[in-house]
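These notes are about the structure you will find just below.
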Amino acid sequence: MVRSLRFTNSALNQFVGSNEQTTKVTIKDTESSGLRALRFPKSGMVSFIYTGRIKGGLKRNITIGRYPDTGIEEARIRASELRKLYRQGIDPKQLEADQQAAQEQELALEKALQVPLRAVLERYLLARNLKPKTDKDYRSTMHSCFADWLDEPIRNIARRDVEDRYVRLVEKGIKAQAVKAFRILGAIMNFAKAEEVSANRHSNTASERLIRDNPCDVLKEKRYDRHIPARTHALTLDQTAILLEYLSHCEYPQFTGPKIRPTVAHYIGLLLFTGIRRDEAARLEWSDVDLIGRTFILHDTKNGLDFVVPMSIPVHGVLTAQQREANGSQWVFPAATGDGPLTDPRKALEKVSEYIGVRFTSHTLRHTFGSIAFEFNFDWGNIKKMLNHKTGDITSRYVHANVKSLRPMFDEIAQGLMKNYEGIWFEDDRKQPPSDDDSDDLDFDDENLV
């Protein structure tokens, strides 16, 4: 039998000390409907229980707490809350389970959002499908400038972190690298903004963007100086003459200046007289060289497309000489050891720079070629074609050029580069390029020249 009484501390203390130890005993609180106190046999412990049900449903018992750890007023307040839920048609047990599941899902989502910068970098590079050299450059830059961030959750990188790191790198005297690094990081952050993360990717659970804002935007918004002067250094014609003098004689045994391999000398000459990029020249294969038609083809250029280059007389001469030097290699400019192509001959360029009295790189030679084209008043469209640059003009997609139209310009630039040079540099017995009837009409789309 269930007794009813108004719960007080003295009444419950007496209930706890009751000698009735053989069965469970329950008493009702006359002040709070549905609130009961249940005393367990043997232990004598008393717990507050609320008994209720949704209209038309079965009665459910819900444990509120143990007396006296849970006080009488606290139990009555909780009983009142449960009563309201039942009246609203809400099962407190199911509500508690749903809340527990939501909390677990929230914790799982928070854990899923702890994606490290390194993982986002890998996904970014995979999505971009960059060339191996560019991929390596991105990784190297990120490791140089953000090594301590790579294993940190990308969400933890704050605007203040970005600002402080940029200032620190600039103060170290590596502004150009800092600008480059944050350009890459900013792109990765934008990639992360589009990433949707869910607690369970195999279910329809709620998802959230990996990050909401790009912290690198702080550099733009605060107008930090990120300007890097363009590399405009080019050799003068007097310096070009000294360079050609060196390249003409460095192979001779009696030459007393610094020595470099003939292959490297020919490589430098090709860069100077064509303006092509160093890696494109280094990867050139003999199967893509037509000494009779006086053209060669560059595959997989910076813009991912092929570029047909006409040979001027000096270029034809240097490639003819290099064919003998290559000694059967598939590469026009083979490496000194191994079966691969020539890598960046930085040390050789330093030797030559010291000899001619001005520091230059392979990119300087490209600038020199472009500068001569500009001095000859070639229009920008033709200069971009010769340098294999993007034109950025949508109409250029419908404009075609062929080797015959480019060849006279390459010949004119070759003559300009040799203006102050009095010797003969790899000039062979064919003084004139092939006629239009003798050369192949290798048409290529202007859009390819990027």
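The values are calculated or read from the model by the stated rules, or taken from the named source; none is laboratory data. Please read all numbers here as calculations on a predicted model, not as lab measurements. No Cβ is skipped: glycine too gets one built from the backbone with ideal geometry, and neighbour counts run over all protein chains shown.
Annotations for the structure displayed:
- Number of residues in region 50-107 that are of a type in the set (Lys, Arg), outside any helix (DSSP H, G or I) and closer than 24 Å to Phe40 by Cβ: the value is 4.
- The set of residues from region 48-69 being within 16 Å of Ser32 (Cβ to Cβ) and buried (at least 16 other Cβ atoms within 10 Å of the Cβ) comprises Phe48, Ile49, Tyr50, Thr51, Gly52, Ile62, Ile64, Tyr67.
- Of all residues making up region 179-202, the number that are in contact (Cβ under 8 Å) with a residue 40 or more places away in the chain and either of a type outside the set (Phe, Trp, Tyr) or over 30 Å from Glu104 (Cα atoms) (or both): 13
- For Ala234, the conditions (1) of a type outside the set (Lys, Arg); (2) out of contact with any Pro (no Cβ under 8 Å at 6 or more places or on another chain); (3) surrounded by fewer than 17 Cβ atoms within 10 Å (Cβ to Cβ); (4) part of a loop (DSSP other than H, G, I, E, B) all hold with the exception of (3).
- Test: Leu270 is in the same structural domain as Met418 (by TED's automatic domain parsing), touching a helix residue (DSSP H, G or I) at 6+ places or on another chain (Cβ under 7 Å) and part of a loop (DSSP other than H, G, I, E, B): no
- Residue match in region 246-256 (condition: in a helix (DSSP H, G or I), without any contact (Cβ under 8 Å) to a residue 24 or more places away in the chain and in contact with a Phe, Trp or Tyr (Cβ under 6 Å, 6 or more places away or on another chain)): yes
- Identity of the residue in region 360-385, among the small types (Gly, Ala, Ser) and over 21 Å from Asn420 (Cβ atoms), that ends up modelled with the highest pLDDT: Ser362
- Failed item in (1) within 30 Å of Thr26 (Cβ to Cβ); (2) in a helix (DSSP H, G or I), with Tyr124 passing the rest: (1)
- Checking each residue in region 326-352 for being out of contact with any strand residue (DSSP E or B) (no Cβ under 9 Å at 6 or more places or on another chain) and buried (at least 16 other Cβ atoms within 10 Å of the Cβ) picks out Pro345, Ala348, Leu349, Lys351, Val352.
- Scanning region 343-373 for residues that are closer than 16 Å to Phe273 by Cβ, out of contact with any Gly (no Cβ under 7 Å at 6 or more places or on another chain) and part of a helix (DSSP H, G or I) yields Val352, Ser362, His363, Thr364, Leu365, His367, Thr368, Ser371, Ala373.
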